[in-house]
Amino acid sequence: MAKHYDMWESLGMDVEKHDDFLEPLPEVYEEVYLSQDNRPAGMDYFDFVVDDIHGIRVKELVEEKEAGNPVISSFCVFVPDELVTAAGGASIGLCAGAQFPIEAAEQELPNNDLCPLIKSSLGFKMDKICPYFEVSDFVVGETTCDGKKKAWEILDEEIPTYVMELPQTKSDAARELWKSEINRFKEHIEETSGREIKAKKAAEAIELINKKRDVLQRLYDTRKADPVPISGKDALLITQLAFFDDPERFIEKTSTLCDELENRIEAGEGIADEDAPRILVAGTPMPLPSWKIHNLIESNGGVVVCEETCTGTRYFENKVPEGGETLEEQIDNLTERAMNINCACFTPNDDRVDDILRLAEEYDVDGVIYYNLQFCQTYSMEYKKISQALKEEDIPVTQIESDFSDSDTGQLNTRIEAFLEMI
Ligand code: BJ8
């Protein structure tokens, strides 16, 4: 892996700890990714990004800052990237899926009853091993779950943390609240960056981020084919990288890959056996480098064809309506998109049941693995309703609760193997 010590030191990172963190990555990546047979050639770009995960893109962000452009990071798909882009800046998704920084986080956070995603995210800052944190002007939290909203108070001691109040229902009043929160966020970007967000730039930003959503939808559409032309692991990686790559470059490289995948479909070429069980993974996000569940499913002869997660369809399925001419209309449209995302933080959230049934049909799945990060109550509690609905449609489903460590790999392997044999 490329080393950029001067840049990392100038960002105030703990370079020794950072070396320790990255040291196992090449071996893990070789085992999980590079060892796959018949990978699409278009994955080369994404391999390159992983190989230089804390290099080129970080350098670009440093240059953005030197040019006076804002660099703002966030942890949730509700935060409107479009406003940061409209201010001429870069918006980065920071959510973390690594075990390494959890030890540091546990010095300050509860050990035994807190979601690993929250611990991992904060641990990256406490350990000073994430250049994306260090290059950010500020980070944006949201009041989605109890753990997250209290985490921002702790994170604010390390880096300025701006909190958006996300409503918990989709009533008219809730919609008005989120709209006012988007307006308040816009003002905060303007105040901190000294840039006025204008309607023309906002329209361009909405179009650009929608194009990113379109290309991800195109990628996912290829996964509806049988045989499927790309592994679930590769598709997951692409979505994970979408959170921080330069949007225009990401669109170009993913489009090239999609051309190749569509050619494969025409030629009837797939990466898994035609009788490989097709799996929909539904549930909590799998931020980089959380590849464990996909790897276990695909090592046991299954193939993941879709993710109903925020590192999957919840990230890109809802587009912002285009055509708003004034900022007021554009903010209405940004609000509209968010209100169509069915995260378990909302009550009621019956539309999520419909989403999962629809995806199971669209991707012609043989079974659903409901993935729950430990201690995530909202997603865990939705399992009952979702599993009932799936069973009524005769779609096999099982629930898996896990974290980012390897401690449960053996046990999960047995359960996944049994599930794939059963369906
Ligand atoms: S829109 S899923 S990214 S909040 S942190 S809720 S796993 S206990 S991440 Fe999320 Fe936005 Fe919703 Fe998506 Fe549970 Fe953990 Fe909370 Fe989590």
Expected output for the range 371-389 (first residue within 24 Å of SER407 (Cα to Cα), partner assigned to a helix (DSSP H, G or I) and near the ligand (Cβ under 7 Å from one of its atoms), Cβ below 6 Å, 6+ apart or cross-chain) is ASN372/TYR379; LEU373/LEU117
Residues of the range 86-123 being more than 12 Å from the ligand (Cβ to nearest atom), crowded, with 21+ Cβ neighbours inside 10 Å and not hydrophobic (A, V, I, L, M, F, W, C), in sequence order, are GLY89, SER91, PRO101, GLY123
Condition (residue is more than 25 Å from LEU237 (Cβ to Cβ), part of a loop (DSSP other than H, G, I, E, B), more than 11 Å from the ligand (Cβ to nearest atom) and at pLDDT 95 or above) applied to the range 371-379: is it met by at least one residue? no
Of the candidates ILE341, ILE416, the one satisfying the condition of being touching a helix residue (DSSP H, G or I) at 6+ places or on another chain (Cβ under 9 Å) and assigned to a helix (DSSP H, G or I) is ILE416
Residue hits (the range 70-91; among the small types (Gly, Ala, Ser) and either at pLDDT below 95 or assigned to a loop (DSSP other than H, G, I, E, B) (or both)) are ALA87, GLY88, GLY89
Check on TYR220, part of a helix (DSSP H, G or I), within 16 Å of the ligand (Cβ to nearest atom), at pLDDT 95 or above and hydroxyl-bearing (Ser, Thr, Tyr): no
Counting only residues in the range 51-62 that are surrounded by fewer than 20 Cβ atoms within 10 Å (Cβ to Cβ) and of a type in the set (A, V, I, L, M, F, W, C), the one modelled with the highest pLDDT is identified as VAL62
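One line per residue, one yes/no per condition, for (1) under 20 Å from VAL79 (Cα atoms); (2) touching a Cys at 6+ places or on another chain (Cβ under 8 Å):
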site	(1), (2)
LEU280	no, yes
ILE293	no, no
VAL304	no, no
TYR315	yes, no
ASN318	yes, no
ILE331	yes, no
LEU334	yes, no
ASN342	yes, no
ASN349	yes, yes
Counting only residues in the range 344-354 that are more than 13 Å from the ligand (Cβ to nearest atom) and in a helix (DSSP H, G or I), the one surrounded by the fewest Cβ atoms within 10 Å (Cβ to Cβ) is identified as ASP354
Filtering the range 140-153 down to residues that are within 14 Å of the ligand (Cβ to nearest atom) and either touching a residue at least 60 places away in the same chain (Cβ under 8 Å) or assigned to a helix (DSSP H, G or I) (or both) yields VAL140, GLY141, GLU142, THR144, CYS145, ASP146, GLY147, LYS148, LYS149, LYS150, ALA151, TRP152
* Asked: In this structure, is THR239 assigned to a helix (DSSP H, G or I) and in contact (Cβ under 8 Å) with a residue 60 or more places away in the chain?
  -> yes
Output for Cβ contacts, cut-off 6 Å, separation at least six or different chains, first residue without any contact (Cβ under 8 Å) to a residue 40 or more places away in the chain in the range 392-421, second assigned to a helix (DSSP H, G or I) and of a type outside the set (Lys, Arg), reads ILE395/ALA360; VAL397/SER387; VAL397/LEU390; THR398/PHE419; GLN399/TYR383
Expected output for the range 112-126 (first residue closer than 15 Å to ASN372 by Cα, partner near the ligand (Cβ under 8 Å from one of its atoms) and among the charged types (D, E, K, R), Cβ below 7 Å, 6+ apart or cross-chain) is ILE118/LYS148
Is it the case that some residue within the range 223-231 is under 18 Å from THR313 (Cα atoms) and surrounded by fewer than 17 Cβ atoms within 10 Å (Cβ to Cβ)?
yes
The condition of being of a type in the set (A, V, I, L, M, F, W, C) and within 17 Å of ASP366 (Cβ to Cβ) holds, among LEU334, LEU296, only for LEU296
Of the residues in the range 105-152, those that are under 18 Å from PHE21 (Cβ atoms) and among the hydrophobic types (A, V, I, L, M, F, W, C) number 9
Checking VAL28, VAL71 in turn, the sole residue that is surrounded by 16 or more Cβ atoms within 10 Å (Cβ to Cβ) and either under 30 Å from ILE341 (Cα atoms) or touching a residue at least 60 places away in the same chain (Cβ under 8 Å) (or both) turns out to be VAL71
Tell me, please, whether a residue that is away from the ligand (no atom under 16 Å from the Cβ), in a loop (DSSP other than H, G, I, E, B), within 19 Å of the chain's Cα centre (by Cα) and farther than 20 Å from GLN36 by Cβ can be found in the range 269-289. no
With the structure loaded, tell me whether VAL228 is closer than 17 Å to CYS306 by Cα, among the β-branched types (Val, Ile, Thr) and not in a helix (DSSP H, G or I) or whether it fails that test. yes
Considering the range 301-329, residues that are assigned to a strand (DSSP E or B) and either of a type in the set (Val, Ile, Thr) or surrounded by fewer than 22 Cβ atoms within 10 Å (Cβ to Cβ) (or both), and then whichever is nearest to the ligand (Cβ to nearest atom), we arrive at VAL304
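The values are calculated or read from the model by the stated rules, or taken from the named source; none is laboratory data. As the structure is a computational prediction, the values presented were derived from the model and not from experiment. Glycine gets a Cβ as well: all are built from the backbone with ideal geometry, and neighbour counts include every protein chain shown.
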